Structures are given as structure tokens and as C-alpha cells.
Amino acid sequence: MKNLFKNGFTLIEITFVTGVVTSLSVGVYTAAMQRGKIVDCLNNLKQIYQAIVMFQQDNDSLPNIKFFPSSYSDEKGIHNVLSSYGIRGKILFCPSLPDQLNIYGTNYIWNDNVNGKRLENIHSSIWLLTEVVAVSKKIPPPHSGMYSVIYTDGRATTEPKVNIPQGD
């Protein structure tokens, strides 16, 4: 046993290398988990967008949805308006946001300036949905300084800022 340490590595060297490898592994794992949540969030937005397109095809215009539902039973909440199009459950929640924001049926906000319009008549730079925390400058963006956003042309991306319409 003495020979192994004499000709090989010391216990301190082995402990140091193990610590470095573990730290790197944790960092890579954390980054991968964060990236996975961004991908999940963007996929959720894309699925909701597909339901919005189907709603428009059936009704000749976008739905009249509230900016954010006042309760889970709010008839104008996106979760209730699009439920018949298969939009329910985890699709309505950004996985990077805390569960406390999930009590109203969604943690996404809807750009109510597009209510009753048609997608093809709205400029592609106008957003449809983003995370609810985009309305507060005090809460940091959930995706490494970025918000997930879906635009009227169906493009889902992350952005550092979302231009929230101001109420009357």
C-alpha cells in the first residue's frame, strides 16, 4: 500500500482531481437542465400556437383571450379557450417558473391587442405569448436573462426584453 502512494498519486491529489471533476459535472448538468427547460418552454409555445391557428381556421379570427386569467375558472383564460384544441396540462406552463405562478391555469400571458384579428394581418414582430414574469422589472427573466416568446408568424425564440402593451 505504501508503494502505491509513493510511486502514484497522493490522497490529496486524488481528492483534488475528484473535486474538480465533480464540480465540472455539476456545472454541465445544471447547464443541460436549464437548456432543457428552455426547449420545453419553446415547444409549449409552439403547441399553443398550433391550437391558435386551428382556432382561427374554425372561427375566422383569433380568440378573445384575457391578458392573464383572473382565476382558473376564467372563461377568457387561454387554458379554457383552447382546451377543446388539446391545450391543457403542462403545455400551459413554462417549466422554469415557480409553481406558485401556476394557480390560474397558465403562467403565460396573452397579447390581448391581437384579440379578434387574423394572424396574417398582424406584423410578424408582434408577440402572442410570453411568460408572465415579463411584466415585472423586479423579477429576473427565467431563461438565463431571456424570456421565451412566440410571435404571430409562429416563430418561437428567447428574447432579452418583451414589449408589453400598456393598459388604457
Can you name the strands (runs of 3 or more DSSP E) wholly within segment 125-168 that have at least 2 residues being of a type outside the set (Gly, Ala, Ser) and either closer than 18 Å to GLN100 by Cα or in contact with a Gly (Cβ under 8 Å, 6 or more places away or on another chain) (or both)?
127-131
Looking at PHE16, PHE9, which is the one that is outside any helix (DSSP H, G or I), hydrophobic (A, V, I, L, M, F, W, C), at pLDDT below 95 and surrounded by 10 or more Cβ atoms within 10 Å (Cβ to Cβ)?
PHE9
Can you report the number of residues in segment 69-97 which are among the small types (Gly, Ala, Ser), in a loop (DSSP other than H, G, I, E, B) and without any contact (Cβ under 8 Å) to a residue 12 or more places away in the chain?
1
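Residues are listed down the side, and each one gets a yes or a no for (1) out of contact with any His (no Cβ under 9 Å at 6 or more places or on another chain); (2) aliphatic (A, V, I, L, M):
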| position | (1), (2) |
| --- | --- |
| SER71 | yes, no |
| GLY77 | yes, no |
| PRO98 | yes, no |
| TYR104 | no, no |
| ASP112 | yes, no |
| ILE126 | yes, yes |
Within segment 58-105, restricting to residues that are hydroxyl-bearing (Ser, Thr, Tyr) and more than 26 Å from ILE122 (Cβ to Cβ), the one that is surrounded by the most Cβ atoms within 10 Å (Cβ to Cβ) is SER96
Got a sec? Which of GLN56, GLN100 is at pLDDT below 95 and not in a loop (DSSP other than H, G, I, E, B)?
GLN100
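The values are calculated or read from the model by the stated rules, or taken from the named source; none is laboratory data. In this text the structure is predicted, and so the values were computed from the model without any measurement. Every residue, glycine among them, receives a Cβ derived from its backbone with ideal geometry; neighbour counts consider all protein chains shown.
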